[in-house]
Structures are given as C-alpha cells and as structure tokens.
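Comments concern the structure below.
The values are calculated or read from the model by the stated rules, or taken from the named source; none is laboratory data. Quick caveat: nothing in here was measured; it's all calculated off a predicted structure. Glycine also receives a Cβ, built like all others from the backbone with ideal geometry; neighbour counts cover every protein chain displayed. Ligands, DNA and RNA are stripped out before the accessible areas are found, and what is left, the full protein with its side chains, is counted by its heavy atoms. Shrake-Rupley method; radii C 1.70, N 1.55, O 1.52, S 1.80 Å.
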Amino acid sequence: MGMAQLVFLRDVKREDGMNEAKQQELLTGHIAFLKGLWEKGTALLVGPMADEGQIAGVVVLDVEKPEDAVKIMEDDPFVKAKRLNVDTLGWYFAKNYVVKAPKFMDHKQYWFGLLERPEGLTPLSKEEGEKLQAGHMANIVKMAENKTLLLAGPMEGKTALRGIVIFDMMEKSEIERLVENDPLIKGGRLKLTL
C-alpha cells in the first residue's frame, strides 16, 4: 500500500461575466495541464465528476506531501483563474492496481465513494473496534474478489473522511446492497456517500 495525495477540484461559482471564449480557453488549458501530469506519471488517476455537485473533479497525485500537491495544482489554468479550489488529503491505497489507460481521458465511468465517520459517536472498547474493523475489511476483500470494488483505502490523519472506495459501474442500489452488511456501515460508525 502506498501514499498519494487525493486532490478534490472544487468548483467556484462566479458571476463575473467571463465570456465563452475565455472559458473554453481555460478548459483547453486545464485538460492539457492534466494530460501533462498524466503523461509524466505524476497523476495516477484523473477524472471529472458526473454530478453537478461542488466537486468538479478528482486527481490522484503520486506525491506524499499535501503542500507538494497544492504547488503542482497551482499551475492549472482553472486554479490560476480562481475557477477551481484545491483540497488535498493523503490517501493510502494499492498503487500497483492502477493501470494507465492507453490514452488520456480514455476511461469509463466509476462510482467514487466517500466513507465518512458521523459526529458524536461513542467510543468503542478495543475489542469491539477490532471486531468491527475485521468485519469491515472482510467485506472490502469480498467486494474486491468479486471485482465490484476496484480500489479502496484509508485517509491519512484523523478527519471525518475515513476512506475512499471506487466501484465499477453498476446500479447505485447494487453498491448499497454490497455495503449494507459492512459492520461499520450497518452499525452507523461509517456512512458511504456515492
């Protein structure tokens, strides 16, 4: 398992009257910038989010320090123009499972999930915690063996965001069915947001 920086590109809603030609110029520059990172192997994963939420896209950079990720992303034309904000988090995952596509942006859709710890949880005994964690890991291994879960890993630090899971494309209800027996989710210790 290796460490990388998960970069959330957050959309900044602006009403500054930027014309369409300038927006297209920024988009073209943004894509070229990400392609350059991907070609050099600095960006392991790159992709837009399909929904219209605050997170416009995700980049996984093969660097260990958040400040290095921020410095790299400062050269993105959308970031320079203050159209995207950058948030970084350390993510541990099996880097050897990431296979570079034949060409940039030659990808398919996946489900990107956030495993978050709800606020106000009562502490568990060491034995209870270990039992729940063992069941959680068993469920992850089972989904990986079935090839429905493609990547998973914990986050660095003690934030509410505890892990990231990436599922192959399927019905959302199928993913919900796959995770409903995870003891940490079933017990309300983790919440999955897709």
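Output the residues belonging to the range 171-194 that are in a loop (DSSP other than H, G, I, E, B) and over 18 Å from the mean Cα position of the chain (by Cα).
Let us first name the residues in the range 171-194 that are in a loop (DSSP other than H, G, I, E, B), namely 171, 180-182, 187-190, 194.
Once the filter is applied, which keeps residues that are in a loop (DSSP other than H, G, I, E, B) and over 18 Å from the mean Cα position of the chain (by Cα), the range 171-194 yields E171, E180, N181, D182, G187, G188, R189.
Examine the range 124-133 for a residue that is part of a helix (DSSP H, G or I) and touching a Gly at 6+ places or on another chain (Cβ under 7 Å), and state whether such a residue exists.
Step one: list which residues in the range 124-133 are part of a helix (DSSP H, G or I), which gives 126-133.
Among the residues that remain, those that are also touching a Gly at 6+ places or on another chain (Cβ under 7 Å) are: 132.
Yes - at least one qualifying residue is present in the range 124-133.
Name the pairs whose Cβ atoms lie under 6 Å apart, with the first residue in the range 71-92 and within 22 Å of G163 (Cβ to Cβ) and surrounded by 15 or more Cβ atoms within 10 Å (Cβ to Cβ), the second at pLDDT 95 or above and polar (S, T, N, Q), and 6 or more positions between them or separate chains?
T88/Q5
When the range 35-54 is examined, which residues are found to be within 18 Å of W91 (Cβ to Cβ) and open to solvent by less than 30 Å² (accessible area, probe 1.4 Å)? Break it down into steps so the answer makes sense when it comes.
Quick first cut of the range 35-54, residues within 18 Å of W91 (Cβ to Cβ) only: 37-38, 41-47, 49.
Within the range 35-54, L37, A43, G47 meet the criteria.
Scanning for something assigned to a strand (DSSP E or B), small (G, A, S), touching a residue at least 12 places away in the same chain (Cβ under 8 Å) and within 26 Å of E180 (Cα to Cα), does the range 109-121 turn up at least one residue?
Filtering the range 109-121 down to residues assigned to a strand (DSSP E or B) leaves 111-116.
Now drop any that are not small (G, A, S), which leaves 113.
This time we only want the ones that are touching a residue at least 12 places away in the same chain (Cβ under 8 Å), so: 113.
Filter again for within 26 Å of E180 (Cα to Cα), leaving 113.
Yes: one or more hits.
Looking at (1) modelled with pLDDT of 90 or more; (2) under 23 Å from L114 (Cα atoms); (3) β-branched (V, I, T), which is the one condition that is false for V79?
In the conditions (1) modelled with pLDDT of 90 or more; (2) under 23 Å from L114 (Cα atoms); (3) β-branched (V, I, T), V79 misses (2) alone.
Output the residue which, of all residues in the range 125-143 that are in contact (Cβ under 8 Å) with a residue 12 or more places away in the chain and over 22 Å from the mean Cα position of the chain (by Cα), is surrounded by the fewest Cβ atoms within 10 Å (Cβ to Cβ).
Initial filter on the range 125-143 (in contact (Cβ under 8 Å) with a residue 12 or more places away in the chain): 131-133, 135-136, 139-140, 143.
With the extra rule that they be over 22 Å from the mean Cα position of the chain (by Cα), the set shrinks to 131-132, 135.
Numbers: K131: 13, L132: 18, G135: 16.
My answer is K131.
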